Amino acid sequence: MSDYQIDRDRMPPRSIATEKPFSRQFFSPINAVQRKIYLKGLIGGCFMVIITIFAVFPIYWGALWKTPQRSLKGWIVDFDGGPVGQAMTTQMVSASSQTKLTLAVMPSNNFPGGPNGLARSVVEQHTWVAVTINPGASERLQASYSSPNPTYDGSDAITVYGAEARNENA
């Protein structure tokens, strides 16, 4: 028997072009080769996902098995000095007593570069998190109350900087 005849015997009949869509079933003998390829890929892929889950998730869960044993330190810096800065500082300090984050109020003159100097301090790992009440927040809010301004953006009042990839034991 020649190779041509073997391949010709495995080929589906020419009437496949004239068959109605979905006229064959999954376990049809004509689909044996395609079914074998599909199942081999499906089962192999599922097996690889299972192996990946068992290899990676224990590392992930092991890293999260316990919360920090001590409170992480953070700073609140009021560059505004107005009512917005005072209200936010008071509220955040009182709320931090119920979390694993202890916020301390730092004077703005410790950061001569302004909010950028504070961001550098977070990057240099002097603190875990820093909340800044940006300069002029109270004035911008009061100006938007006195004459409504559609361009006023309240999200510019406060900025939060955080060190996410830092070791808690550092």
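Before moving on, here are some points about what is shown:
- The range 27-41 - residue that is of a type in the set (S, T, N, Q) and assigned to a helix (DSSP H, G or I) and, of those, least open to solvent (accessible area, probe 1.4 Å): 31
- Here residue 155 fulfils each of the conditions (1) within 23 Å of the chain's Cα centre (by Cα); (2) in contact (Cβ under 8 Å) with a residue 24 or more places away in the chain; (3) loosely packed, with under 11 Cβ neighbours inside 10 Å apart from (2).
Yes/no matrix, rows are residues, columns are (1) of a type outside the set (A, V, I, L, M); (2) open to solvent by 30 Å² or more (accessible area, probe 1.4 Å); (3) in a loop (DSSP other than H, G, I, E, B):
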{"position": "105", "(1), (2), (3)": "no, yes, no"}
{"position": "112", "(1), (2), (3)": "yes, yes, yes"}
{"position": "117", "(1), (2), (3)": "yes, no, no"}
{"position": "131", "(1), (2), (3)": "no, no, no"}
{"position": "141", "(1), (2), (3)": "no, yes, no"}
{"position": "164", "(1), (2), (3)": "yes, yes, yes"}
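- Test: residue in the range 70-93 that is open to solvent by 70 Å² or more (accessible area, probe 1.4 Å), more than 15 Å from residue 163 (Cα to Cα) and part of a loop (DSSP other than H, G, I, E, B): yes
- Residue among 26, 54, 79, 47 that alone is among the aromatic types (Phe, Trp, Tyr), in contact with a helix residue (DSSP H, G or I) (Cβ under 8 Å, 6 or more places away or on another chain) and at pLDDT 90 or above: 79
- Residue in the range 94-103 that is nearest to residue 128 (Cα to Cα), counting only those that are of a type in the set (S, T, N, Q) and either in contact with a strand residue (DSSP E or B) (Cβ under 6 Å, 6 or more places away or on another chain) or open to solvent by less than 40 Å² (accessible area, probe 1.4 Å) (or both): 102
- Whenever a residue of the range 91-110 is under 11 Å from residue 71 (Cβ atoms) and aromatic (Phe, Trp, Tyr), it has no partner that is assigned to a helix (DSSP H, G or I) and open to solvent by 50 Å² or more (accessible area, probe 1.4 Å) lying with C-beta atoms less than 9 angstrom away and at least six residues away or across chains.
- Pair list, Cβ < 6 Å and 6+ apart or interchain, from the range 66-87 residues that are without any contact (Cβ under 8 Å) to a residue 40 or more places away in the chain to residues that are surrounded by fewer than 14 Cβ atoms within 10 Å (Cβ to Cβ) and assigned to a loop (DSSP other than H, G, I, E, B): 71/100
The values are calculated or read from the model by the stated rules, or taken from the named source; none is laboratory data. These numbers come from a predicted model, not from an experiment. All Cβ positions, glycine included, derive from the backbone under ideal geometry; neighbour counts span all protein chains shown. Side chains included, ligands, DNA and RNA excluded: accessible areas come from the protein's heavy atoms. Shrake-Rupley method; radii C 1.70, N 1.55, O 1.52, S 1.80 Å.
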